[in-house]
Amino acid sequence: MSNIKKAFENGKAFIPFITCGDPDLETTAKIVRAMQESGADLIELGIPFSDPTAEGPVIQGANIRALAGGVTTDKVFDMVRELRKDVTVPMVFMTYANVVFSYGIERFASTCAQVGIDGIILPDIPYEEKDEFQPVCEKYGVDFISLIAPTSDDRIEMIAKEAKGFIYVVSSLGVTGVRSEIRTDIAAITEKIRECTDVPCAIGFGISTPEQAAKMAVNADGVIVGSAIVKRVGQFGRDAAPEVGAYVKSMKQAVSNL
């Protein structure tokens with residue numbers, strides 16, 4: 001059984017995202033531990049990249065700061081290896097195809113398995129190009145996580161039937177970032193997905209408040225939040241762990257009440 005399934009076994013899952021190495025990897029590790037203690041069910045770790053095309057200004061800024069601080073893929077792997085001594089929640093990487101290509105797809109997937117990463121999300125790889133990555137990930141027991149966007153329509157069935165781990169439902173068109181309102185018909189998308197698969201679906205992009213999280217979680221199995229957390233890290237720097245922990249706790253409570 002995929003370790004990721006455990007994240008969805010106790011009601012609605014809350015999935016926080018963080019950019020590794022902003023402001024430094026030591027702080028990232030503290031934040032990950034605070035997230036686990038505060039009830040995160042699965043944690044997304046962003047490996048910084050110089051051209052993160054799916055990200056808005058908040059996460060772009062975090063990528064730039066992390067890279068300027070000398071963060072590399074190997075250093076991120078080392079941090080995860082260390083975290084796995086006491087962090088038990090599932091963890092997945094979110095990064096870009098170029099990061100995996102330059103590291104070597106096989107080497108990347110095998111190292112993920114060695115250090116305890118449960119899945120990878122590559123937002124710049126469409127379904128039609130996943131065959132370069134998914135079989136290699138499967139070989140090492142790492143879930144290659146699919147994304148479904150509001151524009152996926154007739155492709156939803158095709159994507160959902162082959163999905164692994166969980167399905168990342170993109171709530172809004174455009175890049176990541178805090179939004180005051182989400183207008184997409186999430187219920188219709190999740191209904192279509194559930195007709196094809198029992199793989200859980202989690203909604204991300206634009207969610208920042210407990211009220212939004214609760215609203216989105218009604219129709220999904222989990223809620224993903226990135227920019228609102230990365231923004232707090234940018235604000236509090238090396239002192240961000242308790243702030244992020246408190247935020248994660250409030251968001252987890254919001255989705256747990258359903």
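The values are calculated or read from the model by the stated rules, or taken from the named source; none is laboratory data. The shown structure was predicted, so the numbers you read here are calculated from the model rather than taken from an experiment. All Cβ positions, glycine included, derive from the backbone under ideal geometry; neighbour counts span all protein chains shown.
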Taking the range 210-222 and keeping residues out of contact with any strand residue (DSSP E or B) (no Cβ under 8 Å at 6 or more places or on another chain) and of a type in the set (Gly, Ala, Ser) leaves Ala214
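Mind checking which residues of the range 119-129 are touching a residue at least 60 places away in the same chain (Cβ under 8 Å) and either of a type in the set (D, E, K, R) or in a helix (DSSP H, G or I) (or both)? First the steps, then the outcome.
To start, the set of residues in the range 119-129 that are touching a residue at least 60 places away in the same chain (Cβ under 8 Å) comprises 119, 121, 123-124.
Scanning the range 119-129 gives a single hit, Asp124.
Taking the range 1-26 on its own, how many of its residues are more than 28 Å from Thr72 (Cβ to Cβ) and touching a strand residue (DSSP E or B) at 6+ places or on another chain (Cβ under 9 Å)? Explain how you work it out, then say what you get.
So the first thing to find is which residues in the range 1-26 are more than 28 Å from Thr72 (Cβ to Cβ), and the list is 1, 5-6, 8-14.
Next, only the ones that are touching a strand residue (DSSP E or B) at 6+ places or on another chain (Cβ under 9 Å) stay: 8, 12-14.
Residues meeting the conditions: 4.
Checking the condition under 24 Å from Gly61 (Cα atoms) and either touching a Pro at 6+ places or on another chain (Cβ under 7 Å) or not aromatic (Phe, Trp, Tyr) (or both), which residue from Arg238, Arg194 passes? Break it down into steps so the answer makes sense when it comes.
On the way: Arg194 fails: under 24 Å from Gly61 (Cα atoms).
Unique residue meeting the criteria: Arg238.
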Whichever residue in the range 166-179 is at pLDDT below 90 and in contact with a helix residue (DSSP H, G or I) (Cβ under 7 Å, 6 or more places away or on another chain) and, among such residues, is farthest from Ile59 (Cα to Cα):
Ser171
Residue hits (the range 237-258; surrounded by fewer than 16 Cβ atoms within 10 Å (Cβ to Cβ) and closer than 16 Å to Thr28 by Cβ) are Gly237, Arg238, Asp239, Pro242
Among the residues in the range 127-141, are any under 17 Å from the mean Cα position of the chain (by Cα) and among the β-branched types (Val, Ile, Thr)?
no
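Here are some residues: Ile193, Ile182, Ile189, Ile207. Which one is among the hydrophobic types (A, V, I, L, M, F, W, C), in contact with a strand residue (DSSP E or B) (Cβ under 7 Å, 6 or more places away or on another chain), assigned to a loop (DSSP other than H, G, I, E, B) and modelled with pLDDT under 95?
Numbers: Ile193 fails: assigned to a loop (DSSP other than H, G, I, E, B); Ile182 fails: in contact with a strand residue (DSSP E or B) (Cβ under 7 Å, 6 or more places away or on another chain); Ile189 fails: assigned to a loop (DSSP other than H, G, I, E, B).
Going through Ile193, Ile182, Ile189, Ile207 in turn, the sole match is Ile207.
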Tell me, please, whether a residue that is under 14 Å from Thr28 (Cβ atoms), out of contact with any Leu (no Cβ under 7 Å at 6 or more places or on another chain), surrounded by fewer than 20 Cβ atoms within 10 Å (Cβ to Cβ) and not charged (D, E, K, R) can be found in the range 48-66.
no
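Where in the range 1-118 are there helices (runs of 4 or more DSSP H), lying wholly inside it, with at least 2 residues that are free of Cβ contacts under 8 Å to residues at least 60 places away in the same chain, aromatic (Phe, Trp, Tyr) and within 24 Å of Gln134 (Cα to Cα)? Outline the logic, then answer.
On the way: elements: 25-37, 57-68, 73-83, 97-103, 105-115.
Those helices (runs of 4 or more DSSP H) span 97-103.
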Within the range 111-127, work out how many residues are surrounded by fewer than 19 Cβ atoms within 10 Å (Cβ to Cβ) and among the small types (Gly, Ala, Ser).
2
Complete set of residues in the range 48-85 that are modelled with pLDDT under 95, acidic (Asp, Glu) and more than 21 Å from Ile15 (Cβ to Cβ)
Asp51
Restricted to the range 214-234, and to residues that are among the charged types (D, E, K, R) and farther than 18 Å from Val58 by Cβ, which residue is surrounded by the most Cβ atoms within 10 Å (Cβ to Cβ)?
Asp221
Please go through the range 1-47 and give me each residue that is at pLDDT 95 or above, among the small types (Gly, Ala, Ser) and surrounded by fewer than 24 Cβ atoms within 10 Å (Cβ to Cβ), ordered by number.
Ala29, Ala34, Ser38, Gly39
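Filter the range 210-241 down to the residues that are assigned to a helix (DSSP H, G or I), of a type in the set (A, V, I, L, M), under 23 Å from Ile47 (Cβ atoms) and out of contact with any Lys or Arg (no Cβ under 8 Å at 6 or more places or on another chain) and list them by number.
So the first thing to find is which residues in the range 210-241 are assigned to a helix (DSSP H, G or I), and the list is 210-217, 227-241.
Next, only the ones that are of a type in the set (A, V, I, L, M) stay: 213-214, 216-217, 228-230, 233, 240-241.
Filter once more, keeping what is under 23 Å from Ile47 (Cβ atoms): 228-230, 233, 240-241.
Residues satisfying the conditions are Ala228, Ile229, Val230, Val233.
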